[in-house]
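A short write-up of the structure that comes next.
Values in this text are rule-based calculations from the coordinates and carry no lab data. None of these values were measured; they are calculated from a predicted model. We place every Cβ from the backbone using ideal geometry, glycine too, and count neighbours over all the protein chains shown.
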Amino acid sequence: MTRSSLRAAFFWGERMETTEIGCINCGMRCQMEILHDGDTIHEIRWNNCPRGEQYAISQMGLPNRIMEVPLKVTNGAYQYVRAVTVDPIAEVSKGGLFRQLREVDMKAPLRKGQIVSLLGVRFRILENVTTK
Ligand code: SF4
């Protein structure tokens, strides 16, 4: 069964709507929160596996997505840095973008909040990475 309700939330300093959806794909029945704004999903929380995320996307029926991705760092203290898209990405094109990003190498140092442009998409870096 899917139960949905709306409430306000704040995300990156902006007011978002939150919809609660219960995943029905297994007995755990994860109760997920989907943060969204207009036609864009910003974040899916509390799913315990990727099937929940896919279920939430199908139930919401929104075409765009703010995506968090790992970016490879070649000379950094960490091998990957988390980043989030600044602008919405079409849900249908995110798989291709993920594949292309695997070929991209970032150079340290990187600082939290820094905006970088990769493959024509702007990303906000989510953590500091120093050089080795
Ligand atoms: S998110 Fe995964 S673990 Fe949670 S109910 Fe759905 S299928 Fe089960």
Original post:
Within the set of pairs 6+ apart or on separate chains, which have a first residue in region 79-93 that is farther than 21 Å from GLN54 by Cα, a second that is assigned to a loop (DSSP other than H, G, I, E, B) and among the polar types (S, T, N, Q), and C-beta atoms under 9 Å apart?
Top reply: VAL81/ASN128
Original post:
On the given criteria, is ARG45 of a type in the set (Lys, Arg) and away from the ligand (no atom under 12 Å from the Cβ)?
Top reply: no
Original post:
Out of the residues in region 78-98 that are among the aliphatic types (A, V, I, L, M) and under 21 Å from SER58 (Cβ atoms), which is surrounded by the fewest Cβ atoms within 10 Å (Cβ to Cβ)?
Top reply: VAL92
